Amino acid sequence: MTMGKIIFYEERNFQGRSHECQSDCSDMSSYLSRCHSCRVESGSFMVYDRPNYMGNQYFMKRGEYSDYMSMMGMRDCIKSCRSIPMHRGQFRMKIYEKENFGGQSHEMMDDCENIQERYRMNECQSCNVMDGHWLMYEQAQFRGKMMYMRPGEYKSFRDMGMSGQRFMSMRRITDM
């Protein structure tokens, strides 16, 4: 697995002090007082508007984000980031309608634009990611708030701080 590289800047348009990351960073405040632009030189990252990988999540792939707050609709600066390892191979995730792996379930191996249309599921409240890394979105067609899912069991999205959130579409994180 290869890791990426992201550079954060205090000001818009890549100005001011900078900090380079090639791995997870739980609290950006020890490096920069604020962050208003960034450049992803390789790989992909999830960035968060609160320390310790909490709050709203945003996916960033290779590219320049000269004013990401207005580009992505963020209301606050990046406070933490997580490097997403590039996965080679099969993708597998089992989604469940209810918490604790209850209700209707379906195994997925590719992107799903709308779980309601494809599986007749009204919502997804838990999942088991067996292979690969995924993004889950609150709305169909990969829109709205998102959550990064790496391999593991997720019994309750509510217990993860996603109270009241339901996920309606899922996408594999690939080389894109």
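At 1.4 Å probe radius, can you tell me the per residue accessible area of the stretch 1-122 in Å²?
On the way: 6390 Å² over 122 residues.
With all protein chains present, the stretch 1-122 gives 52 Å² per residue.
Taking R0 as 25 Å, what's the FRET efficiency between Ser30 and Lys61 from their Cβ-Cβ distance, rounded to 0.05?
Values: r = 26 Å, r/R0 = 1.02.
Between Ser30 and Lys61 the formula returns 0.45.
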Calculated [θ] (222 nm, deg cm²/dmol) that DSSP helices of n ≥ 4 give over the chain, each run adding -39,500 (n - 2.57): -1000 deg cm²/dmol
Estimated inter-spin distance, Gln139 and Glu153, nm [label 7 Å along Cα→Cβ]: 3.4 nm
From phi via Karplus (6.51, -1.76, 1.60), per-residue ³J(HN,Hα) for the stretch 151-157 in Hz, x at Gly/Pro: x, x, 9, 10, 6, 8, 5
With DNA, RNA and ligands ignored, accessible area of Arg171 (1.4 Å probe; Å², nearest 10): 70 Å²
Whichever lysines have a C-alpha closer than 30 Å to that of Lys5, once near sequence neighbours (fewer than 8 apart) are set aside: Lys61, Lys79, Lys145
Amide proton proximity set for Met168, modelled H, under 5 Å, gap of 5+: Tyr137, Glu138, Gln139
Difference of contour (0.36 nm per residue) and Cα-Cα distance, Met3 to Asp175: 60.7 nm
Zone residues, the stretch 32-69, relative to Glu20, backbone N less than 15 Å from point 7 Å out along Cα-to-Cβ: 39-43
Spatially proximal aspartates and glutamates relative to Lys155 (Cα-Cα < 16 Å; intrachain offsets below 8 disregarded): Glu97, Glu99, Glu107, Glu123
Options (1) 16.5, 57; (2) 15.1, 50; (3) 16.5, 51 - which one matches Rg and Dmax of the Cα atoms in Å as calculated here: (3)
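The values are calculated or read from the model by the stated rules, or taken from the named source; none is laboratory data. Since we're looking at a predicted model, the values are computed, not measured. All Cβ positions, glycine included, derive from the backbone under ideal geometry; neighbour counts span all protein chains shown. For the accessible areas, the whole protein counts, side chains as well, though only heavy atoms, and no ligand, DNA or RNA atoms are used. Shrake-Rupley method; radii C 1.70, N 1.55, O 1.52, S 1.80 Å.
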